[in-house]
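Okay, structure first, notes after.
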């Protein structure tokens, strides 16, 4: 489980997470609702994650430009939307339970990481 691909994926995820959390916290600081701030941060993280994953994590499995690459990018976005769905559900549930937005976001990060890793390894870059 902790092979080179997994460790590179952790690195890609940390880069995307930096962007995600920065935008999330900035959004909260200016009064944006937690769920909206979470969506904005996560969405920007998707772009960063594709750039890093397609070059450094799964570079040998990236399809050539054209239809195959477009399909991979679409599947990557679908996997990200699955992670986003988990993130929104967890942040919204945390909000309803009185959990701080940051704590909810941390829980969502862990859940989303594993969901997207498995989808990307087994489907997107298979």
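Every number here is computed from the coordinates shown, using simple stated rules; none is lab data. Note that this is a predicted model, so its numbers are computed, not measured. Cβ coordinates were reconstructed from backbone atoms using ideal geometry, including for glycine residues, and neighbour counts include every protein chain displayed.
Mind pulling the angle between the C-alpha long axis of helix 101-119 and the longest principal axis of the chain? Nearest 10 degrees, somewhere in 0 to 90. Between helix and principal axis, roughly 20 degrees. Quick one: Debye curve from the alpha-carbon atoms of segment 18-119 only, equal weights, vacuum; give me log10 I(q)/I(0) at q = 0.19, 0.20, 0.21, 0.25 Å⁻¹ to two decimals. For segment 18-119 at q = 0.19, 0.20, 0.21, 0.25 Å⁻¹, log10 I(q)/I(0) is -0.89, -0.96, -1.02, -1.31.
Relative to the longest principal axis of the Cα atoms of the chain, helix 4-29 runs at roughly 30 degrees.
A simple spin-label model places pseudo-atoms 7 Å from Cα toward Cβ; at residue 56 and residue 26 they are separated by 2.1 nm. Here each label is just a point 7 Å from Cα along the line to Cβ, and for residue 4 and residue 81 those points are 3.4 nm apart. With the alpha-carbon atoms of segment 19-62 aligned to their principal axes, the span from lowest to highest coordinate is 42, 13, 9 Å, starting with the largest.
Give me the number: length gained by fully extending residue 102 to residue 63, i.e. 0.36 nm times residue separation minus the C-alpha to C-alpha distance, one decimal in nm.
Extending this stretch completely gives an extra 10.4 nm.
Relative to the dominant Cα principal axis of the chain, helix 67-97 is inclined by about 20°. Note on residue 43 and residue 93: the extension gain reaches 16.0 nm, defined as 0.36 nm multiplied by sequence separation minus the Cα-Cα distance.
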